[in-house]
Amino acid sequence: MTITAETTRAAGETAIIGGTGLTELEGLTVVDEQVIDTPWGAPSGPVVRGDFRGHPVLFLARHGHPHRIPPHQVNYRANLWALREAGAARVIGVNAVGGITPAMGPARIAIPHQIIDYTWGRGHTYFEQVGGAMLEGVTHIDFTFPYDETLRQALLAAASRRQVVAVDHGVYGATQGPRLESAAEVTRLERDGCDLVGMTGMPEAALAAELGLPYACLALSVNWAAGKSDHIITMDEIAQALAEGMSSVKAILEEVIPVLKTP
Ligand code: HPA
């Protein structure tokens, strides 16, 4: 069976994919929770449809709620498909990352503009046969600019209105995980031009592009990447930076959701 992107419905809501530290969206009045079966398998959990201060929004916890699915085992294909089927017109992916370049220290927010994919073995495209399903159409989508510029600018403007410092660029290096990197790997990422390193940015961004869904990443640095500080990375420091930075993430989401208009 080949399927077209039009097999699914686009009603026009903003979808948030919550990453580590954001398994639920505070302030969201849940209208319903939809368990959506997709041709690509099961998503990480139900798609939560809710009302966020008077605005419709969709929410999906990337790692499940509670957090249980490691980055390399997330069914990114099913997640994006389910969001689109639920009516998403655009997607904001919230990602915890490690900071590589000086501006990207712990608790700093960045809205990356580019990405390099170092992941492997993940279901990374709709243009292959999976359980009898395959997306019809142009196989080689353009990915010159992986993030939607309108959505990026909306996130930056929202941050600025809430006096949150957000770095308005950055190359996201997407690694396989679930282990963190060696110092030498981070040196290589930096040589490649990466400012941030995370495990969940890909194939999410590319799958959104294959579905024609505008996508942007709201990244929160939760540690200096390996070798970029004088100590090894601890879960305690990650938890501390998450606690510190998540209020900024939430402030940006609160501010941006109302301005993203339903077409
Ligand atoms: N590396 C990869 N992924 C991450 C990191 C990191 O240092 N911090 C949070 N996610």
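The values are calculated or read from the model by the stated rules, or taken from the named source; none is laboratory data. What you are looking at is a predicted structure, and each value in this text was computed from that prediction instead of being measured. Methodologically, a virtual Cβ is constructed for each residue, glycine included, from the backbone with ideal geometry; neighbour enumeration extends over all protein chains shown. For the accessible areas, the whole protein counts, side chains as well, though only heavy atoms, and no ligand, DNA or RNA atoms are used. Shrake-Rupley method; radii C 1.70, N 1.55, O 1.52, S 1.80 Å.
How many residues does region 155-190 contain that are open to solvent by 20 Å² or more (accessible area, probe 1.4 Å) and more than 16 Å from the ligand (Cβ to nearest atom)? Going through region 155-190 one residue at a time, the tally reaches 11. Among the residues of region 252-261, is there at least one that is among the aliphatic types (A, V, I, L, M), within 16 Å of the ligand (Cβ to nearest atom) and in contact (Cβ under 8 Å) with a residue 12 or more places away in the chain? Checked region 252-261: no residue is among the aliphatic types (A, V, I, L, M), within 16 Å of the ligand (Cβ to nearest atom) and in contact (Cβ under 8 Å) with a residue 12 or more places away in the chain.
When D148 is tested against (1) in contact with a Pro (Cβ under 7 Å, 6 or more places away or on another chain); (2) charged (D, E, K, R); (3) more than 27 Å from W81 (Cβ to Cβ), only condition (3) is not met.
Within region 213-237, residues that are more than 13 Å from the ligand (Cβ to nearest atom) reach partners that are assigned to a strand (DSSP E or B) and open to solvent by less than 60 Å² (accessible area, probe 1.4 Å) with beta carbons closer than 6 Å, at six or more positions or on different chains, in the pairs L213/V91; P214/R90; Y215/V91; A216/I92; L218/I92; L218/V94. Does T119 satisfy the condition of being polar (S, T, N, Q), away from the ligand (no atom under 16 Å from the Cβ) and in contact with a Pro (Cβ under 9 Å, 6 or more places away or on another chain)? Here the answer is no, as T119 does not meet what is asked.
When the strands (runs of 3 or more DSSP E) confined to region 1-113 are screened for residues that are crowded, with 16+ Cβ neighbours inside 10 Å, those reaching at least 3 such residues are found at 13-18, 47-52, 55-61, 88-99.
If you filter region 191-212 down to residues that are among the charged types (D, E, K, R) and in contact (Cβ under 8 Å) with a residue 60 or more places away in the chain, you find that the one that is nearest to the ligand (Cβ to nearest atom) is D195.
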